[in-house]
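The values are calculated or read from the model by the stated rules, or taken from the named source; none is laboratory data. Predicted model only: the values in this text are computed from it and were never measured. For neighbour counting, all protein chains shown are included, and Cβ atoms are generated from backbone atoms with ideal geometry for every residue, glycine included. What goes into the accessible areas is simple: the full protein's heavy atoms, side chains included, and nothing from ligands, DNA or RNA. Shrake-Rupley method; radii C 1.70, N 1.55, O 1.52, S 1.80 Å.
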Amino acid sequence: FRHLLGIEPLKADDIRTILDLADQYVDLSRGASKHSDVLAGLTQINMFFEASTRTQASFEIAGKRLGADVMNMSMQASSLKKGETLIDTALTLNAMHPDLLVVRHPQSGAVDLLAQKVNCAVLNAGDGRHEHPTQALLDALTIRRAKGRLHRLTVAICGDIAHSRVARSNILLLGRMENRVRLIGPATLIPAKAAEFGVEVYEDMREGLAGADVVMMLRLQKERMDGGFIPSEREYYHRFGLDAEKLAHAKEDAIVMHPGPMNRGVEIDGTLADDINRSVIQEQVEMGVAVRMAAMDLLARNLRAERAGGGIHV
Ligand code: CP
């Protein structure tokens, strides 16, 4: 693949290739020397048009660990503030010959559009409600390492599905790897066409969690609710917040996940989020660095092959 814009175009083998390489980068990252030079000589630019803690930090660490020259654009201080368009900004940066462009943008489709205008590999770090492919890949790696497999599992994704690019990318990935996906949340926060994705939909948390291997919690994404109905946090926690009592309906060894940022006491009980016997939330963050190292390594290999005239490799 030339870019990593979403999970949609990836085949099951592509996903396995990324996760297998990411496993190696987990080992590297836990070792005495975390450094490799597979991206030496390459320039990585991170452009975040929307707030981020985990994704931006882990892309920066991943690039530095692999020896790339990494530049974080401060979008708040860029000439976008003076009216420059996204495309002109991209063309300007493209003229500086970057090799890897990591982009987060609040508009769905903005990263795809930008990828058409530049000569380097583009990685989608989250675009609107559309996709967050590296999040789904790091979630998949976390699940595979915790459960020993990434197929024939029952995964419950709970909360604000309608506004979530994390949910969309996870539904695509988990479906491609032949898992059973359940969506749980209030009807107002589940997309009307959810069933077309081959998922089961539940409005009752206890019913939806019954027999689940993996419980993935999502926050209410108020910034994307566009003045629509926002449930009261107290009522929401009562019905859809994950606590020990509700989790007891899932399998005894079910793991608890959350992509972050987390709102304790709204979608998840704080004590449960910190329970290292059930929660793999910190492992997700660790896997984020490894998956982003793997994705950039593979894209850089393709880029080098393309530039050497060897065509684009999958
Ligand atoms: N999960 C995630 O994308 O977190 P950030 O918004 O902090 O990057």
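For region 140-276, what is the accessible area per residue in Å², given a 1.4 Å probe and the full set of protein chains?
Ligands and nucleic acids excluded, the figure is 44 Å² per residue.
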Which of the chymotrypsin sites (Phe, Trp or Tyr not before Pro) found in region 170-232 are in a DSSP loop and have at most 12 neighbouring Cβ atoms, other than their own, within 10 Å? Phe229
Mind jotting down the distance between the C-alpha centroids of region 103-144 and region 1-62, whole Å? 12
DSSP beta bridges in region 5-139: the antiparallel percent, rounded to 5, is 5
Classify region 83-242 as rounded, prolate or oblate, taking a ≥ b ≥ c as the square roots of the eigenvalues of its Cα gyration tensor: rounded when a/c is under 1.5, otherwise prolate if a/b is larger than b/c and oblate if not. oblate
Per the helix-only calculation at 222 nm, which mean residue ellipticity applies to the chain, given -39500 (n - 2.57) for every DSSP H run of n ≥ 4 and division by its residues, nearest 500 deg cm²/dmol? -11500 deg cm²/dmol
Taking Cα atoms, the helix 165-176 axis meets the longest principal axis of the chain at an angle in degrees (rounded to 10) of 90
What is region 95-148 by shape, rounded, prolate or oblate, if you read a ≥ b ≥ c off the alpha carbon gyration tensor as root eigenvalues and call it rounded for a/c under 1.5, prolate for a/b larger than b/c, and oblate otherwise? oblate
So, with a 1.4 angstrom probe, what is the percent of accessible area on the chain that is carbon and sulfur? 50
Inter-label distance, nm, simple model (7 Å from Cα along the C-beta direction), Leu113/His151: 3.9
Amide H contacts of Met71 (H built 1.01 Å from N, under 5 Å, at least 5 apart or other chain): Gln44, Ile45, Asn46
Rounded, prolate or oblate: which fits region 1-147 when a ≥ b ≥ c are the square roots of the eigenvalues of the alpha-carbon gyration tensor, with rounded for a/c under 1.5 and prolate only if a/b beats b/c? prolate
In the chain the DSSP beta bridges are antiparallel at a rate, in percent to nearest 5, of 5
Using the charge dipole of region 146-246 (Lys, Arg: +1 at Cβ; Asp, Glu: -1 at Cβ; taken about the Cα centre), state which of Ala194, Leu173, Ile184 has its Cα farthest towards the positive end. Leu173
Selected from Ala57, Ala294, Ala125 as most flexible by GNM, with the chain as the system and alpha-carbon contacts under 10 Å: Ala57
Full extension between Lys193 and His97 adds, at 0.36 nm per residue less the Cα distance, a length in nm of 30.4 nm
With viscosity set to 0.890 mPa s and temperature to 25 °C, compute the Stokes-Einstein D of region 233-314, Rh being the Kirkwood radius across alpha carbon pairs; µm²/s, no decimals. 158
Two-decimal ratio, region 1-72, of alpha-carbon radius of gyration to 2.2 N^0.38 Å: 1.21
Setting aside same-chain residues fewer than 8 positions from Lys117, which aspartates and glutamates have a Cα under 19 Å from its Cα? Glu84, Asp88, Asp99, Asp127, Glu306
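Calculate, in whole percent, how much of the Cα-Cα pair population of the chain lies beyond 32 Å.
In whole percent, the share of Cα-Cα pairs in the chain beyond 32 Å is 27.
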Looking only at Leu138, Leu173, Leu189, which one moves most when the chain is put into a Gaussian network model with springs between Cα atoms under 10 Å? Leu189
For a quick check, take a GNM of the chain with Cα springs below 10 Å and name the residue from Leu242, Leu172, Leu113 with the largest mean-square fluctuation. Leu113
